[in-house]
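Contents: one structure, followed by commentary.
The values are calculated or read from the model by the stated rules, or taken from the named source; none is laboratory data. Bear in mind that the values here come from a model prediction, so they are computed numbers and not experimental data. Using ideal geometry, Cβ is built from the backbone for each residue, glycine included, and neighbour counts are taken over all protein chains shown. Only protein heavy atoms, including side chains, enter the accessible area calculation; ligands, DNA and RNA are left aside. Shrake-Rupley method; radii C 1.70, N 1.55, O 1.52, S 1.80 Å.
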Amino acid sequence: MSESKFNVAWLAGLLLLLLAGGCVKNEFEVEVATRDDVSGHFTFLYYASDSRRGWLVEEVKMPENGKLSFVGKTRNPSLVYVFTQGREPKAVFYVERGDKITVSDAGPSPVEWKIKGNAITEGLTSWRLDHQTEVRDGGKSLNAAVAAYVKDHRSDPVSALLLLLYYDRHDDEGEFPKLWDSLEGEAARTEWMELAARSDLSAGGDFTRLPRQIIINSLENGVDTIVPGRVPAILYFGRNGISRREADVRILRRLSEEWNDSGQRVIAEIGMDADSTARTWPVRHDSLRRAVHGWMPLGLSDSVAISLGVGRVPTFIVLGRKGERLYNGQDRDKAAEIFTSLKKSK
């Protein structure tokens, strides 16, 4: 072949490769084949993003004729959380645009699902299937299972994601930074922190400090940002259906009326319900005004909840004028007393 023909062929091949790469759509496919005994709905929750913005997507699906499927939209890699009727995710998988995620012979609990589609998802699946009991029970046994994998796979991105997704650092704060600092190679890349929205890790070293910004999904504005130290704040993390929610919100309503200048303080009521309907219904009926109504559908697994030290529901957090944490607990009267004192000390 002459040099000119070789160059033409080479350029044509390169053009085909470029065209093929450009045909990858900003989407991924999910197909689940279920057993006959599976009923009810499954919720798939993920953070989609393009070059300008990001948003939460909730896909609620019920099996039909033993199958369920959907096409997800995202330009950038994402994590998809799978919920059933409960409030905590039962499985998590990793996706990039162009991926096809499949599950065959799926039972009623996603903890048992064998999810395929890419190497990272299959690594997460393999670990989860080997530690189903620990994933269901949580606590120190789950931390130990994560730690054992990390120590043996320091350069595996799955190790980073297991730490971010499953490790309860409030159960063992001293061990978490040691495990994180031990990661190397591909596992140490910052993209895993960004993927799990764990901005509180990005500075390194101090894993107990408050994040510089508290970014939450807001029913009013889509997203709200609370900056610790800008003004005093009281944050309430609750869930629809708990017996004391009405009394907790009543306290917030009183505080909002007593300190009605929303520019001088922040009062935030943040729902930890996975289901969007369960979240929006009580907000429309509780008459809490001049307050932020937030939503954390990932519940206690949400990275912001973890960074703030929310280990159970309900929880009140009071932040002072310098951004210091003045209270973190379940005593609404004590939280209200501390918050009220901040108004008097202006």
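Here the Karplus curve 6.51 cos²θ - 1.76 cosθ + 1.60, taken at θ = phi - 60°, turns the phi angles of the stretch 327-340 into couplings of 7, 8, x, 10, 7, 5, 5, 5, 4, 5, 5, 5, 5, 4 Hz, with x standing for Gly and Pro. Given the pairs 61/100; 73/116; 25/90; 90/178; 140/334; 140/178, which are separated by over 20 angstrom at their Cα positions? The answer is 25/90; 90/178; 140/334. Counting only protein chain heavy atoms and rolling a 1.4 Å probe, the accessible areas of 24, 38 rank, largest first, as 24, 38.
Backbone phi angles across the stretch 61-69, fed through the Karplus curve with coefficients 6.51, -1.76 and 1.60 (θ = phi - 60°), yield HN-Hα couplings of 10, 10, x, 10, 6, x, 9, 9, 7 Hz in residue order; Gly and Pro are listed as x. Accessible area per residue (1.4 Å probe, heavy atoms of protein chains only) ranks 227, 32 as 227, 32, with the largest value leading. Computed extension length for residue 116-residue 240: 41.2 nm, one decimal, from 0.36 nm per residue of separation with the Cα-Cα distance subtracted.
Taking amide H as placed 1.01 Å from N in the peptide plane, residue 91 has its amide H under 5 Å from the amide H of 82, each at least 5 places away in sequence or on another chain.
Tell me, in nm to one decimal, what length is gained between residue 341 and residue 260 on full extension, where the rule is 0.36 nm per residue of separation less the Cα-Cα distance? Contour length minus Cα-Cα distance gives 27.7 nm. Once both labels are positioned 7 Å from their Cα atoms along Cα-to-Cβ, the gap between residue 290 and residue 152 label points is 5.8 nm. Residue by residue, the stretch 244-259 carries 3J(HN,Hα) couplings of 9, 4, 4, 5, 5, 5, 4, 4, 5, 5, 5, 5, 5, 6, 6, 10 Hz when phi is fed to the Karplus relation 6.51 cos²θ - 1.76 cosθ + 1.60 (θ = phi - 60°); x denotes Gly or Pro. At what distance in angstrom do the alpha carbon centres of the stretch 215-265 and the stretch 285-346 lie from each other? Distance between centres, Cα-based: 7 Å. Model label points for residue 37 and residue 55, set 7 angstrom from Cα along the Cα-to-Cβ axis, are 4.0 nm apart.
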